[in-house]
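Structure first, commentary second.
The values are calculated or read from the model by the stated rules, or taken from the named source; none is laboratory data. Because the structure is predicted, anything quoted here is derived from the model rather than measured. Positions of Cβ are generated from backbone atoms using ideal geometry, with glycine treated the same way; all protein chains shown enter the neighbour counts. Side chains are part of the model used for accessible areas, which takes the heavy atoms of the whole protein and leaves out ligands, DNA and RNA. Shrake-Rupley method; radii C 1.70, N 1.55, O 1.52, S 1.80 Å.
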Amino acid sequence: MVAAIAFESIVKLAAFLAVGVFVTWGLFDGPADLFGQAAAAPRIAPLLAPLPVAGDQARWIWLLLLSALAFMFLPRQFQVAVVENVNEDHLRKAVWLFPLYMLAINLFVVPIAFGGLLHFGAADVDADTFVLTLPMARQQQALA
């Protein structure tokens, strides 16, 4: 089971990084261009604020806390971290490898989201499908 999860994670990471690079440097001229266009778009500019507007701090803090604790509540993460962990030495590697993986898998989340919002505008495209629809909109079916 651990080998299957590891293989799936590597495939997901490679695919997500490939789409992120395509969106950032294929659809736009790099991160500066992407974020510059996002800042100029009235609908997207408020999303660039470092903290939510007044009154939303409690909601933001609870979402952050839930996200931080999610690994213990999600069955797959619990299975790998607790049930399948037969060697304490594996934790030494996981302590730095898991955060590195989480950083890498989330590196292009915001660029893909902004790229989708900028590319599709007010079109009725579900944001959850931007990873697929952005390459498909540019006839990159192999990447999708």
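Put a dot 7 Å past the Cα of Ala15, heading toward its Cβ, do the same for Val82, and the two dots end up 2.9 nm apart.
Take the chain with all the other protein chains still there, run a 1.4 Å probe, and you get 69 Å² of accessible area per residue.
Relative to the longest principal axis of the Cα atoms of the chain, the long axis of helix 57-73 lies at roughly 40 degrees.
Surface composition of the chain: carbon plus sulfur atoms contribute 70% of the solvent-accessible area (1.4 Å probe, protein chains only, all chains present).
Take the Cβ atoms of Leu74 and Ala41, set R0 to 30 Å, and the FRET efficiency comes out at 0.35. Give the shape of segment 85-143 as rounded, prolate or oblate, defined through the alpha-carbon gyration tensor: a ≥ b ≥ c are the square roots of its eigenvalues, a/c under 1.5 means rounded, and otherwise the shape is prolate if a/b is larger than b/c and oblate if not. Verdict is prolate for segment 85-143. Result for the chain in a Gaussian network model with C-alpha springs under 10 Å: among Ala123, Ala104, Ala41, the largest mean-square fluctuation is at Ala123. Estimated at 0.36 nm per residue, the fully extended path between Lys93 and Asp33 surpasses their Cα-Cα distance by 17.9 nm. Comparing Phe98, Phe114, Phe28 in a Gaussian network model of the chain, where Cα atoms under 10 Å apart are tied by springs, the biggest mean-square fluctuation is seen for Phe98. Here the label points at Ala104 and Ser67, each 7 Å from Cα along the C-beta direction, are separated by 2.0 nm in the simple model. Between the entries [x] 8.3; [y] 9.8; [z] 10.7, the label attached to mean projected area of the Cα convex hull in nm² calculated for this structure is [z].
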